[in-house]
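Asks: Structure incoming, see below.
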Amino acid sequence: MKRIYQYLLRNAAQVGSQYTLTLSYTTGHVPNATLASWNAQIGGNYTSLQIQGSNVILSGGSNVTISTASLNDIYLLEVNDDGSVIDIHNNAFKDSGVYNVYMTGVTSIKHSVFKNCPLTNIYLPACTDLGGTVGDNNVFEGIAGQTINATFNQVLQDAQGTLVPDGDIVTLNSNNFCSITYV
């Protein structure tokens, strides 16, 4: 038995993903859903679900594509993912209450994903495709007058050539008070 336990500990990284997606909600408004229903709703493959206070913690997923309009909940305040999500489809967070977004593994974001969200912090260091084109794809449509700290991949800094950023970043910066960092 001891040998089996030691084998499992040694090979734990090969058993499944250690990535975690945490969704933080307004107190008293955490959706009551099963792991299977969360996976169906967002297009995930997570293996574990925990509810801790106002947080929904989905663990064990990898290469997740968040489905169209799947998390547009006004009570959703923060999204924190350490690598399980790689793609976010159209309108995924549209009209939600999301103001903090920290997603380290997302490489592609489709149009209107954060439309009308009260963003204050957005961290997308791996994203090299913001909206599908180098123009304005309404990723940040309806967001105006906010003070926003944003971190994007350096590829998006010169997406249009001659040091012109991706059009979605140009729009975000034009309509808000932004501090933008490229990594």
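Asks: Sort out which residues of the range 152-183 are in a loop (DSSP other than H, G, I, E, B), of a type in the set (D, E, K, R) and out of contact with any strand residue (DSSP E or B) (no Cβ under 8 Å at 6 or more places or on another chain), and write them in order of number.
Replies: Scanning the range 152-183 gives no hits.
Asks: So, of the residues in the range 40-60 that are crowded, with 17+ Cβ neighbours inside 10 Å and touching a helix residue (DSSP H, G or I) at 6+ places or on another chain (Cβ under 8 Å), which turns out to be nearest to VAL30 (Cα to Cα)?
Replies: So the residue we want is VAL56.
Asks: Out of everything in the range 165-177 that is of a type in the set (A, V, I, L, M, F, W, C) and within 17 Å of ASN138 (Cα to Cα), what residue ends up being surrounded by the most Cβ atoms within 10 Å (Cβ to Cβ)?
Replies: Only one residue fits best here, namely LEU172.
Asks: If you don't mind, there's one more thing I want to ask. For GLY105, are the conditions met, namely being among the small types (Gly, Ala, Ser), modelled with pLDDT of 95 or more, under 30 Å from THR26 (Cβ atoms) and crowded, with 19+ Cβ neighbours inside 10 Å?
Replies: Yes: the conditions hold for GLY105.
Asks: Turning to a different aspect of this structure: Consider the range 32-65. How many of its residues are in a loop (DSSP other than H, G, I, E, B) and under 18 Å from the mean Cα position of the chain (by Cα)?
Replies: Number of matching residues: 9.
Asks: What's the total number of residues in the range 84-126 that are among the basic types (Lys, Arg) and either more than 20 Å from PHE177 (Cα to Cα) or in a strand (DSSP E or B) (or both)?
Replies: Number of matching residues: 2.
Asks: Sticking with this structure for a sec: Can you find, within the range 66-83, the residue that is surrounded by the fewest Cβ atoms within 10 Å (Cβ to Cβ) among those that are of a type in the set (A, V, I, L, M, F, W, C) and assigned to a loop (DSSP other than H, G, I, E, B)?
Replies: If we take residues in the range 66-83 being of a type in the set (A, V, I, L, M, F, W, C) and assigned to a loop (DSSP other than H, G, I, E, B), then ILE74 is surrounded by the fewest Cβ atoms within 10 Å (Cβ to Cβ).
Asks: Within the range 129-151, which residues are surrounded by fewer than 16 Cβ atoms within 10 Å (Cβ to Cβ) and in a loop (DSSP other than H, G, I, E, B)?
Replies: Hits for the range 129-151 are GLY132, THR133, GLY135, GLY142, ALA144, GLY145.
Yes/no matrix, rows are residues, columns are (1) in contact with a Gly (Cβ under 6 Å, 6 or more places away or on another chain); (2) at positive phi; (3) among the β-branched types (Val, Ile, Thr):
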{"position": "ILE122", "(1), (2), (3)": "no, no, yes"}
{"position": "ALA126", "(1), (2), (3)": "yes, no, no"}
{"position": "ALA144", "(1), (2), (3)": "no, no, no"}
{"position": "LEU156", "(1), (2), (3)": "no, no, no"}
{"position": "GLY161", "(1), (2), (3)": "no, yes, no"}
{"position": "LEU172", "(1), (2), (3)": "no, no, no"}
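Asks: Next question. Condition test on VAL113, is it in contact with a Lys or Arg (Cβ under 8 Å, 6 or more places away or on another chain) and in contact (Cβ under 8 Å) with a residue 12 or more places away in the chain?
Replies: Criteria met by VAL113.
The values are calculated or read from the model by the stated rules, or taken from the named source; none is laboratory data. Only a predicted model underlies this, so the values are computations on that prediction, with no experimental measurement involved. In this analysis, Cβ positions are derived from the backbone assuming ideal geometry, glycine residues included, and neighbour counts consider all displayed protein chains.
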